[in-house]
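What follows is a short report on a single structure.
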Amino acid sequence: MLALTAALLLAVLGYGAWRVSTSAPPKRVAEAYVRALAAGDAEAALQYSSGSAAFAASRMKDSKVLAKVEDVSCSVAALGRGWAKVLATVELTLQDGSADVGWYSMDMTKTGQGWKVASFREAEPDMSGVSLFVSGAKADAAKRVFQGYLDALAAGDWQGATKYLAGPARRSQEMGAAVIGKGVVIGKVEELKAEPVWKRGEEAVIRFNYIVDGRNVSVLAFFYRTVDGWKITEIVQN
């Protein structure tokens, strides 16, 4: 019995070591590709890519530096024979000095020249896991950010409101700036209340209830803690 248990333990440990050793190369290449893209280094990005990912890199030639990469966190979500799916969380400092974050999914293929990024696209953040407690200090910090965002909108300061955003929320607001980015968007917000919902690592979800223009509003706000503090990445009305 002891011999069987030891054999099973060795098999499990051996599988774990094999998975780590085989998943490390695609992770390294994925991170190198992302860093090259963020820096606007088309030549480096082309070295690590093929297919549609290489086409995207080739379009960056002669472009200026886009952003400074603060951190790249990659994980292998799936691994097969000569193929892997890598998920990446990328923290950036943009040219204007503001912080941003993005989530991406990459299909990796193993070629004669090693692993390459074959496709690169935006992805949803991983919001999995049970969380039943969020500290009051973190909830208060998120509330101040959300209050600042609402105050900026109420003042018609569309650009000022953007500094409280990151990721999908920031890009959505920037895209809509030409259409609705002039004048007051909402009235003054009153009786803002925050209810912590979920937190894991650098991510958190807070439910906000408030009154604006005489009506009750309830939203879920998704946050990510960047090098510049908490930023709103998505707002969902509920």
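Quick look at the numbers
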quantity: Some residue of segment 118-132 being among the β-branched types (Val, Ile, Thr), buried (at least 19 other Cβ atoms within 10 Å of the Cβ), at pLDDT below 95 and farther than 22 Å from SER58 by Cα; calculated: no
quantity: In segment 69-92, residue farthest from PRO25 (Cα to Cα) [restricted to those that are outside any strand (DSSP E or B) and open to solvent by less than 50 Å² (accessible area, probe 1.4 Å)]; calculated: GLY80
quantity: The one condition in (1) surrounded by 15 or more Cβ atoms within 10 Å (Cβ to Cβ); (2) assigned to a strand (DSSP E or B); (3) in contact with a Lys or Arg (Cβ under 7 Å, 6 or more places away or on another chain) that LYS138 fails to fulfil; calculated: (2)
quantity: Number of the condition not met by ASP107 [criteria: (1) modelled with pLDDT of 90 or more; (2) open to solvent by 40 Å² or more (accessible area, probe 1.4 Å)]; calculated: (2)
quantity: Verdict on ALA38 being part of a helix (DSSP H, G or I), buried (at least 17 other Cβ atoms within 10 Å of the Cβ) and in contact with a strand residue (DSSP E or B) (Cβ under 7 Å, 6 or more places away or on another chain); calculated: yes
quantity: Count of segment 98-125 residues which are touching a residue at least 12 places away in the same chain (Cβ under 8 Å), part of a loop (DSSP other than H, G, I, E, B) and over 19 Å from VAL205 (Cβ atoms); calculated: 1
quantity: Qualifying residue in segment 73-96 (condition: closer than 25 Å to VAL197 by Cα, at pLDDT below 95, among the hydroxyl-bearing types (Ser, Thr, Tyr) and out of contact with any strand residue (DSSP E or B) (no Cβ under 7 Å at 6 or more places or on another chain)); calculated: no
quantity: Among residues of segment 133-163, those that are within 22 Å of ARG225 (Cα to Cα), small (Gly, Ala, Ser) and at pLDDT below 95, counted; calculated: 9
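The values are calculated or read from the model by the stated rules, or taken from the named source; none is laboratory data. This is a predicted model, so every value here is computed, not measured. Cβ: placed from backbone, ideal geometry, glycine included. Neighbour counts: every protein chain shown. Remember, those area values only see protein heavy atoms, side chains included, never the ligands or the DNA or RNA. Shrake-Rupley method; radii C 1.70, N 1.55, O 1.52, S 1.80 Å.
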